[in-house]
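Values quoted throughout were computed directly from the atomic coordinates according to the rules given, and no laboratory measurement underlies them. This structure is a prediction, so every number in the text was calculated from the model and none was measured. Glycine gets a Cβ as well: all are built from the backbone with ideal geometry, and neighbour counts include every protein chain shown.
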Amino acid sequence: MNKIYFYFILFLIYSFIGWFMEVCVTYPKNKKLVNRGFLLGPYCPIYGYSSIIMIFYLNHYKDNPLTVFLLAVVVCSFIEYIVSYIMEKMFNARWWDYSTRKFNINGRVCLTNAFFFGLLGCFLVYYANPFFESLLLKINTHTLNIISLILMIIFTTDFIASMYITFKLKSSITKIKKDNTEEFKEKIKEKIESKLLNQRIFKAYPKFKESIINKLEEYKEKIEK
């Protein structure tokens, strides 16, 4: 069995589970289902990356649940912080912000999330991953490789499309010039919210939309001065 294909399937499984949890957690607040995640499909890669890293790393400490819990807290919080930092630098906007929560670090990670990361890490190592691995091993190797390859193509296409859409949103802000008026500002807002895919990203990450609108306001204030 090709290990790359095998672990890619696991990556997608955990990415989907992460996406599903995000949808469930945000439902009470939004009162509707929101397609959470940076990508267009039903998956949150940050959960997939974290899970695969924990599978390789934390399995060495399975004899000590407390160690697994603490390392899961550290690993997942570190990944969340780094991803938040990189995405902010890439797109010049915040995608999530925990500044209003107690015991947060620069609004990128917080103690509440870290605690649940620890619990999820333990569940992954002791229950979820052994179950999914045994399930995948029951599938014909050739069939599993073909399924994985097809999903890999879909995922890669989704990733490229999502990056393109988000960078287009960023360029809508960076192209603003000094002679812009309030009327033109409104046209920019209409432009970035007009496309269906843009709206999906805004619904998934309201902080990202808020950052873009705030930057428009900042440009407006500079023009008026």
_Within the range 1-90, trypsin sites (Lys or Arg not before Pro) in DSSP loop having at most 14 other beta-carbon neighbours inside 10 Å_ = Lys31, Lys32, Lys62
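Using 29 Å as the Cα-Cα cut-off, could you pick out the over-long pairs in Lys62/Lys138; Lys3/Lys31; Lys32/Lys168; Lys29/Lys102; Lys32/Lys102; Lys3/Lys62? Intermediate results must be reported in sequence, preceding the final value.
Values: Lys62/Lys138 24 Å; Lys3/Lys31 41 Å; Lys32/Lys168 27 Å; Lys29/Lys102 19 Å; Lys32/Lys102 27 Å; Lys3/Lys62 22 Å.
Table pairs above 29 Å Cα-Cα are Lys3/Lys31.
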*Using r as the Cβ-Cβ distance of Tyr127 and Asn2, and R0 as 30 Å, what FRET efficiency do you calculate, to the nearest 0.05?*
0.70
